[in-house]
Amino acid sequence: MTPSLTEELASAAARLVVEEGMEYGPAKRKAARALGGHRVRTGELPSNDAVEDEVRAYLQLFCADTQPQELAALRRLALEWMARLTEFRPHLSGAVWRGTATRLSSVHIDLYCDDPKSAEIALINQNLRYEVSGAARSNGGEPLEVLSCAAPCRELGETVTMHLAVRDLDELRGALKPDAQGRTLRGNEPAVRRLLEDQA
């Protein structure tokens, strides 16, 4: 049976996520330009869940011998950063939490703050250089400040991009709400440690 355009886009986007370390949104748009030019309608774009399913299949097929070690290294790096930012109730999210990250992936950590500027002050006090963007969204859809840093990962021998999304403390109540598949979108430090133990 011939795959639909949406299925083809999910597969192409997954390849970009794994091979180029792209985030899902840009990967879907790039796949749409490559496969359909300007003819791809918004409704034909695959969901993030569909892309994630394809990412998992791609990793199993082509990266099964390297990806688990790379994922574990990124989770350990995330734990280091969560420990240094523990006052902001850090929760790991994104591909490193969901188990689909490779050495090209960024690490996404949500920080829950009374005062949004307090996270920036903490980075400054730790002599960490960062850039500010508004790439994430709150649960209500408002843009969030994201602090992005370059973090050396000794295990991988590479520099990893760390994205720290500064969320309002009130959002912590819904932080562990599951998605449509019943999977949580993020986890706190003990949860990340359990993932590493399960991997081992």
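Checked against (1) touching a residue at least 40 places away in the same chain (Cβ under 8 Å); (2) within 24 Å of residue 17 (Cβ to Cβ), residue 84 meets all criteria but (2). Quick one: which residue in 76, 103, 39 is in a loop (DSSP other than H, G, I, E, B) and assigned by TED's automatic domain parsing to the domain that holds residue 166? Being in a loop (DSSP other than H, G, I, E, B) and assigned by TED's automatic domain parsing to the domain that holds residue 166 holds for just one of 76, 103, 39, which is 103. Note on region 113-144: residues that are modelled with pLDDT of 95 or more and in contact with a Pro (Cβ under 8 Å, 6 or more places away or on another chain) total 0.
Provide a single number: the residues in region 117-138 that are closer than 21 Å to residue 171 by Cα and either in contact (Cβ under 8 Å) with a residue 24 or more places away in the chain or of a type in the set (Gly, Ala, Ser) (or both). Total satisfying the criteria: 9. If only residues of region 9-63 that are of a type in the set (Val, Ile, Thr) and over 20 Å from residue 163 (Cα atoms) are counted, the one that is surrounded by the fewest Cβ atoms within 10 Å (Cβ to Cβ) is 42.
Taken over region 141-186, the criterion of being free of Cβ contacts under 8 Å to residues at least 24 places away in the same chain and charged (D, E, K, R) is satisfied by 142, 154, 170, 173, 177. Just checking, which of 71, 111 is within 21 Å of residue 197 (Cα to Cα) and not β-branched (Val, Ile, Thr)? Matching residue, one of 71, 111: 71. Looking across 200, 165, 191, one residue alone is touching an Asp or Glu at 6+ places or on another chain (Cβ under 8 Å) and of a type outside the set (D, E, K, R). It is 165. Taking region 1-29 as the range and being assigned to a loop (DSSP other than H, G, I, E, B) and among the charged types (D, E, K, R) as the test, only 23 passes.
The values are calculated or read from the model by the stated rules, or taken from the named source; none is laboratory data. Treat the numbers as computed from the prediction; the structure is a model and nothing was measured. Cβ sites come from the backbone with ideal geometry, for glycine too, and all protein chains shown count toward neighbours.
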